[in-house]
Amino acid sequence: FPVTIIPHTVATFDIETDVIHGTGQVLMATVVFNEQVYCVIDKTFLVNYSSPMDMLQTVAKRELKEYIETYKLNIVFHIANDEIDTIRQAFLKVHEWMPDFLAIWNMDFDIPRILDRLSYHKVDPKTILCDPSLPEEFRLCKYHEGIKKKITASGKVQPINPAAQWHTLVLTASFYVIDAMCSFKQIRTGQQERSSYSLDAILNEELSLSKLKFEEASEYDGLRWHQVMQSRYPAQYVAYNIFDSQSMQMLNNKTKDLSFTLPGYAGITDFSRFNSQPTRIADALHFYLLDNGCVTGLS
């Protein structure tokens, strides 16, 4: 049915990692799908709360009240036994939901960090990230970084804007893991370059929003802000993580980038090669030629 357009379903994903002890440990992960919010937190991050679940619910209802009411969010918390369980539980929920896309803003941070932490614990990522219903011999999990630098005609090496890179996670799952930041940039190729492609900057430009802020830490910014929030206000920091993931849903609701635009532009081209316009044209040309009794070949 070539003229039938069905929107791709999108779940969003975000992690927060330790910036106090230098471990890079995954402290929490939040996945959002429609009105469902599932937030998994390593229990070691909440050791100072006698009733962590009550505190998380109280803080979320206070800090995210506007979004809970507007989008009818159902926030479910899960306190994991350890870091590996945190990652596992988050991906189990995505496998249960089976969206078309699992979108991450700047996945070149989240995915390599997750793979690195799994490697640190000597855990095969295929046992965590792949569809658990698949026999192990059919599971694939391999991360391919996009090109990060180019050589000019004069021989000068220049870095490529992270938003202009295109990373691929080869994963046997019901969903395709995609970088929402890179998708935002690629879809707007030819438009004026944005001054920043950070989530905060794009939310401000597109939705007149910013990431969640807290009065208690208003005097800090950058890395120091994250250190203060993790050490002094862990429950609020969880709410911050939830909003990062939810805000990507809000952005896609407006732009339709992942629901309609990117799949439409891709046509029959695999999403891993979406960044190559010549590839997309050549792929589309294949079927045009078939309709006219020809096939492409080499002479």
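The values are calculated or read from the model by the stated rules, or taken from the named source; none is laboratory data. As the structure is a prediction and not an experimental result, all values here were calculated from the model. Please note: Cβ atoms are built from the backbone with ideal geometry, for glycine as well, and neighbour counts cover all protein chains shown. Just so you know, the surface numbers come from the protein's heavy atoms only, side chains and all, with ligands and any DNA or RNA stripped out. Shrake-Rupley method; radii C 1.70, N 1.55, O 1.52, S 1.80 Å.
The table for this structure:
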read-out	value
Solvent-accessible surface (1.4 angstrom probe) belonging to Leu140, in square angstrom, nearest 10	100 Å²
Given Lys149/Lys185; Lys72/Lys126; Lys213/Lys256; Lys150/Lys211, the pairs whose alpha carbons are separated by over 24 Å	Lys72/Lys126; Lys213/Lys256; Lys150/Lys211
Spatially proximal lysines relative to Lys43 (Cα-Cα < 20 Å; intrachain offsets below 8 disregarded)	Lys93
Percent RCO, i.e. relative contact order, over the chain, from Cα pairs under 8 Å lying at least 6 residues apart	21 percent
Area of His167 that stays accessible when all protein chains are in place (1.4 Å probe, Å², to 10)	10 Å²
Mean separation of Cα contacts under 8 Å (6+ apart) over length of the stretch 243-299, as relative contact order %	18 percent
The stretch 258-299-the stretch 28-65 distance, computed between alpha-carbon centres (Å)	43 Å
Gyration tensor verdict on the stretch 50-203 (Cα atoms; rounded if a/c is under 1.5, prolate if a/b is larger than b/c, oblate otherwise)	oblate
Student exercise, the stretch 193-243 dipole from Lys, Arg, Asp, Glu Cβ charges, in Debye to nearest 20	200 debye
Share, in percent, of DSSP beta bridges within the chain that are antiparallel, nearest 5	55 percent
Qualifying lysines (Cα of each under 20 Å from Cα of Lys122; at least 8 residues distant if same chain)	Lys142
Under 19 Å from Lys254, Cα to Cα: aspartates and glutamates that are on another chain or at least 8 residues apart	Glu35, Glu66, Glu69, Asp100, Asp179, Asp200, Glu205, Glu206, Asp244
